[in-house]
Amino acid sequence: MLLWLSWFALCSLDSYKIELSFIVKYAGGLISILGVALFIIALLTIKSLESYDGELITTGIYSKIRHPMYLGFICWLIGAPLFFGAVFSLFLSFLFIANVLFWRHLEEIELDERFKSYGEYRKTTLF
C-alpha cells in the first residue's frame, strides 16, 4: 500500500507538469482506478502476496487474464501520471513497466515449467 501511495504522491508533486485536456486527465484517473481494481480482484482471488504454491488458478479474473496484478500495476503506472499531468513520472513509468514486463516474462517461464496445462491456458487468456 505504501508503494501505491508513494507513486500517487510522486505524480502529484512532480515538478514537470503539463496541462492535459479534461478527457485525457480523467481517462488517466479511470485507468488508475481500473488498475487498482484489477489488482485487488486478483489479490482476493489468489489470497496471497507471497509466493503461491497451489494449483494453477484459472477461475475468476484469472479465467480471462493470466497476470491481472501486473496488468493492474501497469494501468496504475500509466494512469496516475496522466491524471496529474506529471511528465517526469510518466517517463519513469516506462522504466517501471519494462521491469514489470520482465517479471512477467520470468514468471511465464516458471509457470510453464510448473504446470503442464499452462501452455493451453496461455492460449485462452490475455496478457
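The values are calculated or read from the model by the stated rules, or taken from the named source; none is laboratory data. None of these values were measured; they are calculated from a predicted model. Cβ placement follows ideal geometry from the backbone for every residue including glycine, while neighbour counts extend to all protein chains displayed.
General remarks:
- Put simply, of ILE31, ILE40 the only residue that is without any contact (Cβ under 8 Å) to a residue 60 or more places away in the chain, surrounded by fewer than 15 Cβ atoms within 10 Å (Cβ to Cβ), assigned to a helix (DSSP H, G or I) and under 19 Å from the mean Cα position of the chain (by Cα) is ILE40.
Quick grid of which residues meet (1) part of a helix (DSSP H, G or I); (2) touching a Gly at 6+ places or on another chain (Cβ under 6 Å); (3) surrounded by 16 or more Cβ atoms within 10 Å (Cβ to Cβ); (4) free of Cβ contacts under 8 Å to residues at least 40 places away in the same chain:
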| site | (1), (2), (3), (4) |
| --- | --- |
| GLU50 | no, no, no, yes |
| TYR62 | yes, no, yes, no |
| PRO81 | yes, no, yes, no |
| PHE91 | yes, no, no, yes |
| LEU95 | yes, no, no, yes |
| TYR121 | yes, no, yes, no |
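- Among the residues of the stretch 1-21, the ones that are of a type outside the set (S, T, N, Q) and within 9 Å of GLY85 (Cα to Cα) come to 7 in all.
- Positions within the stretch 22-38 being modelled with pLDDT of 95 or more and more than 10 Å from PHE83 (Cα to Cα), in sequence order: ILE33, LEU34, GLY35, ALA37, LEU38
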